[in-house]
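**Q** Structure provided below as structure tokens; questions to follow.
The values are calculated or read from the model by the stated rules, or taken from the named source; none is laboratory data. Please read these numbers as outputs of a predicted model, since none were measured by experiment. When we count neighbours, we look across all protein chains shown, and the Cβ atoms used for this are built from the backbone with ideal geometry, even at glycine. Surface areas here come from the heavy atoms of the whole protein model, side chains and all, with no ligands, DNA or RNA. Shrake-Rupley method; radii C 1.70, N 1.55, O 1.52, S 1.80 Å.
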Amino acid sequence: MGETPLLQLNHLSVQYGGIQALHDVSLHVASGEIVTLIGANGAGKTSCLRAISGLIAPAQGSMQWMGQDLRNRDAAQRVRLGLAHSPEGRMVLAQQSVEDNLKLGSFVHRADKVGCQQSLDEVFQLFPRLRERRAQSAGTLSGGEQQMLAMGRALMARPKLLLLDEPSLGLAPLVVAEIFDRMRGMNAQGMALLLVEQNAQLALRLAQRAYVLESGRIVLEGKAQELLHDSRVKAAYLGA
Ligand code: ATP
């Protein structure tokens, strides 16, 4: 591979007390790429995203962002560098309005008022439903709308890479289709995505490349199209 990847993980391990959640994980995401990380419950997918965004510190290994060591960068600095995280469970502030939740996402760029307003307009363009509900408190949104809000809030940071944790969780198929359609749209504008998904079928159809995590280790990796037809992936993750 000639080009420096946007994000590179080298031999990363994550531990919670005595529990080792990730062992020796190496992966990369190239600029503009969609990569998915699939695996069963408890495989370590969320831990991997949390380590990348700086919410937890790895026990071992290193990470590079555009060739630069991320070790001494805290979570806010990583957002500023272009890494944004849309977490599992959405984590919207229920009492606050949709618009205030979105504005929190542009906190690191708060000095740039014009840029923040422009980002807000772009998010509203991508998710017109959020514009209609901009004054509504986030806790009263539907599950799908809350997912759009979580994604919109991450987009407010104007990321080069968006980390998405389980965007389809608990949503009706039509809403999931809409969310996946938006991901395609963001990617078409040049944003790279690292997608963690329980729905391996959908994730592998969307992504260019994929990694399979089992008990904290990467056991398979390759082109998403190829993994979609891999007998081991079919048996373990794609159902009958
Ligand atoms: P799921 O799909 O169920 O969300 P996951 O693949 O995202 O699972 P993680 O949430 O990363 O998996 O968890 C990996 C392992 O680390 C699990 O065994 C989990 O119980 C453990 N773990 C996660 N967070 C903590 C924590 N804060 N303290 C202790 N153990 C943890």
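**Q** Quick check: the distance between the Cα centres of the range 26-90 and the range 187-231, to the nearest angstrom?
**A** 15
**Q** Multiply the residue gap between residue 226 and residue 72 by 0.36 nm, knock off their C-alpha separation, and tell me the result in nm, one decimal place.
**A** Gain on extension, residue 226 to residue 72, equals 51.8 nm.
**Q** Another question, if that's okay. Could you work out the relative contact order of the chain, using alpha carbon pairs under 8 angstrom and six or more residues apart, expressed as a whole percent?
**A** Relative contact order comes out at 27 percent.
**Q** Give the Rg (one decimal place) followed by the Dmax (whole number) of the chain, computed from C-alpha coordinates and expressed in Å.
**A** 17.3, 52
**Q** For residue 95 and residue 136 in one chain, what is 0.36 nm times their gap in residues minus the Cα-Cα distance, to one decimal in nm?
**A** Extra length from residue 95 to residue 136 when fully extended: 13.8 nm.
**Q** Would you list, by chain and number, the aspartates and glutamates whose Cα falls below 20 Å from the Cα of residue 103, excluding same-chain residues fewer than 8 positions away?
**A** In chain and number order, the partners are 88, 112, 121, 122, 132, 145.
**Q** Once the convex hull of the alpha carbons of the range 1-105 is built, what does its volume come to per residue, in cubic angstrom?
**A** Spelled out: Cα convex hull of the range 1-105, divided by residues, is 133 Å³.
**Q** What longest range of the chain stays clear of loop-exposed trypsin sites (Lys or Arg not before Pro) (DSSP non-H/G/I/E/B, at most 15 other C-beta within 10 angstrom)?
**A** Looking at the chain, 135-240 is the longest stretch - no exposed trypsin sites (Lys or Arg not before Pro) with at most 15 other Cβ atoms within 10 Å.
**Q** In nm², what is the average projected area of the convex hull enclosing the Cα atoms of the range 108-240?
**A** Here the figure is 9.6 nm², rounded to one decimal.
**Q** Hey, rough spin-label estimate for residue 177 and residue 189, points 7 angstrom out along Cα→Cβ, what's it come to in nanometres?
**A** 2.4
**Q** Using a 1.4 Å probe, what is the accessible area per residue for the chain, in Å²?
**A** Dividing the accessible area of the chain by its residue count gives 47 Å².
**Q** Taking amide hydrogens as modeled 1.01 Å from N in the peptide plane, which residues meet the under 5 Å criterion relative to residue 193, leaving out close sequence neighbours?
**A** 33, 34, 35, 162
**Q** Ignoring any ligand, DNA or RNA, what whole percent of the accessible area of the chain comes from carbon and sulfur when the probe is 1.4 angstrom?
**A** Using a 1.4 Å probe with all protein chains present, the chain comes out at 50 percent carbon and sulfur.
**Q** May I pose another question? Compare 11, 229, 28 in a GNM of the chain, Cα atoms joined below 10 Å, and give the one with the largest fluctuation.
**A** 229
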